[in-house]
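Working notes for the structure below.
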Amino acid sequence: MLHRLHRHPSGTTFSEVLIAILLLAFFFMSIFELNAICLRYIDASKESVAASQMVQDRSEALRNLAFVDLTSASYLQGLLASPANGSDFAKSIMEVVKISQYPTPNGVTQLTRGSSGSVTTDSIATDLGKGLVQIDVSATWNMTLGGRARSSKVTSIISNGTKK
């Protein structure tokens with residue numbers, strides 16, 4: 001006597017296919033969201049690097065000035081009228097330059113370049129002296145990622161010397 005084996009046709013059912021499709025969809029959605037988060041972090045890093053570079057560029061421009069120009073609020077206001085560098089980011093952030101006599105300040109000359117490009121003189125020092133000045137250059141912006149306020153700052157001490 002021969003036994004006939006009943007074979008069930010092999011294959012997948014509709015519910016198995018549906019579950020597999022859902023798992024694949026969830027996997028790819030997770031990958032795309034992770035990619036989007038990484039891109040936002042990259043943008044935030046670019047903003048921080050651009051702000052640091054902008055502050056450094058402005059600081060270098062101020063360090064290269066003659067001492068008499070460096071201590072002149074009107075000259076600095078004209079210098080701050082243009083952004084520190086040509087990047088679009090540098091045009092859209094607030095920049096503050098503070099100059100005071102070093103080591104003992106006798107008032108502070110402070111100028112602010114707004115995100116609109118307008119320059120305001122917030123205060124003028126009564127005396128910046130003839131020897132040493134401290135310069136603080138700072139940039140402030142709202143970060144793309146999360147909208148948090150961020151800032152970058154550089155401080156330099158400059159002597160009234162002769163350029164060679």
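Looking at segment 61-68, can you tell me whether even one residue there is of a type in the set (Lys, Arg), modelled with pLDDT of 90 or more, under 20 Å from SER156 (Cα atoms) and buried (at least 17 other Cβ atoms within 10 Å of the Cβ)? Checked segment 61-68: no residue is of a type in the set (Lys, Arg), modelled with pLDDT of 90 or more, under 20 Å from SER156 (Cα atoms) and buried (at least 17 other Cβ atoms within 10 Å of the Cβ).
Return yes when VAL108 is touching a residue at least 24 places away in the same chain (Cβ under 8 Å) and of a type in the set (Val, Ile, Thr) and no when it is not. Criteria not met by VAL108. Which residue pairs have Cβ atoms under 7 Å apart, sit 6 or more places apart or on different chains, and have a first residue in segment 64-75 that is under 17 Å from GLY107 (Cβ atoms) and a second that is assigned to a loop (DSSP other than H, G, I, E, B) and open to solvent by 50 Å² or more (accessible area, probe 1.4 Å)? If the second residue must be assigned to a loop (DSSP other than H, G, I, E, B) and open to solvent by 50 Å² or more (accessible area, probe 1.4 Å), the pairs left are ALA73/ILE124. Are any residues in segment 119-163 in contact with a Gly (Cβ under 9 Å, 6 or more places away or on another chain) and buried (at least 16 other Cβ atoms within 10 Å of the Cβ), and if so, which ones? Within segment 119-163, VAL119, ALA125, LEU128 qualify. Considering only residues that are assigned to a strand (DSSP E or B) and open to solvent by 40 Å² or more (accessible area, probe 1.4 Å), look in segment 93-118 and name the one that is nearest to THR140 (Cα to Cα). For segment 93-118, the residue satisfying everything is MET94. The criterion of being crowded, with 16+ Cβ neighbours inside 10 Å, assigned to a loop (DSSP other than H, G, I, E, B) and of a type outside the set (Ser, Thr, Tyr) does not hold for ALA50.
Just one residue in the set ALA90, ALA50, ALA44 is in contact (Cβ under 8 Å) with a residue 40 or more places away in the chain and in contact with a Leu (Cβ under 7 Å, 6 or more places away or on another chain); that residue is ALA44. The residues listed here are ALA84, ALA90; of these, the one that is surrounded by 12 or more Cβ atoms within 10 Å (Cβ to Cβ) and either at pLDDT 90 or above or over 11 Å from the mean Cα position of the chain (by Cα) (or both) is ALA84.
The values are calculated or read from the model by the stated rules, or taken from the named source; none is laboratory data. In this text the structure is predicted, and so the values were computed from the model without any measurement. Neighbour counts run over all protein chains shown; Cβ positions are idealised from the backbone, glycine included. Accessible surface areas use protein heavy atoms only, side chains included; no ligands, DNA or RNA. Shrake-Rupley method; radii C 1.70, N 1.55, O 1.52, S 1.80 Å.
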